[in-house]
Amino acid sequence: MLGGIQMENNPSEKKRNEAFVSLCILGQECDPSDLTEILGTEPTVTRRKGDLIYYAGSPTKLVYKCNVWEMESSCDPKVAFEEQIDVLLDKVLPFSDRFKALPADIDIMLNIALYFHEYKAYFLLTAKQVQGIAKLGARLDVDIYDFSE
């Protein structure tokens, strides 16, 4: 398991690149259900401060230190991350004006986890993607795992 993501381990099958893209809203005081009401859309997943974090095989008990509202890209992880970003932005930009009503203590992040197996790691955003992320007031969190040879 890498970064909380179960990776298949079949040596006879060549691994393909994978990407996981999501929009996360983190906050200490605002309950995820309040964020859902403000934004007028359902997240993929929510977590509350104090919920346990589970990592397969780990005896350590960790807890979330804040509330989490997360909307994941609906794409298969094998789809290029650029397309996943476009799909996610197409979902959230129509109601981007509602982000202004979010509490001041929240943190908005576009999370991108990239697992490169087939070729060297790279990262590139279009101007339109950068503008969309900025319109949401989000910061960018990119984790790159390069397993290529």
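Odds and ends about this structure:
- Sole exception among (1) closer than 16 Å to I133 by Cβ; (2) at pLDDT below 85 for Q84, by number: (2)
- Verdict on S73 being modelled with pLDDT under 90 and either out of contact with any Lys or Arg (no Cβ under 6 Å at 6 or more places or on another chain) or on the phi < 0 side of the Ramachandran plot (or both): no
- Taking the criterion of being touching a helix residue (DSSP H, G or I) at 6+ places or on another chain (Cβ under 7 Å) and of a type in the set (G, A, S), the residues of the stretch 54-90 that qualify are S73, S74.
- Selected residue (criterion: modelled with the highest pLDDT) from residues of the stretch 1-29 that are of a type in the set (S, T, N, Q) and surrounded by 11 or more Cβ atoms within 10 Å (Cβ to Cβ): S22
- Close pairs (8 angstrom Cβ cut-off, 6 or more residues apart or separate chains): under 14 Å from Y64 (Cβ atoms) in the stretch 27-53, part of a helix (DSSP H, G or I) and not β-branched (V, I, T) anywhere: G27/L35; T46/P32; T46/S33; R47/P32; R48/P32
- For the stretch 54-81, a residue qualifies if it is surrounded by 12 or more Cβ atoms within 10 Å (Cβ to Cβ), in a strand (DSSP E or B) and either acidic (D, E) or without any contact (Cβ under 8 Å) to a residue 40 or more places away in the chain (or both), and the qualifying residues are E70, E72.
- In the stretch 106-136, residue nearest to L26 (Cα to Cα) [restricted to those that are modelled with pLDDT of 95 or more, surrounded by 12 or more Cβ atoms within 10 Å (Cβ to Cβ) and of a type outside the set (A, V, I, L, M, F, W, C)]: D107
- Whichever residue in the stretch 30-40 is in contact with a Lys or Arg (Cβ under 8 Å, 6 or more places away or on another chain) and in a loop (DSSP other than H, G, I, E, B) and, among such residues, is surrounded by the most Cβ atoms within 10 Å (Cβ to Cβ): D31
- Selection count where residues are over 16 Å from the mean Cα position of the chain (by Cα) and under 19 Å from A101 (Cα atoms), scope the stretch 40-75: 2
- The set of residues from the stretch 91-146 being part of a loop (DSSP other than H, G, I, E, B) and either under 16 Å from the mean Cα position of the chain (by Cα) or among the polar types (S, T, N, Q) (or both) comprises I106, F123, L125, T126, L136, G137, A138.
- In the stretch 41-53, the residues that are surrounded by 12 or more Cβ atoms within 10 Å (Cβ to Cβ), in contact with a helix residue (DSSP H, G or I) (Cβ under 8 Å, 6 or more places away or on another chain) and of a type outside the set (K, R): T41, P43, T46
The values are calculated or read from the model by the stated rules, or taken from the named source; none is laboratory data. Here the structure is a predicted model, which means the values were calculated and not measured. Quick reminder, even Gly has a Cβ in these numbers, built from the backbone with ideal geometry, and neighbours come from all protein chains shown.
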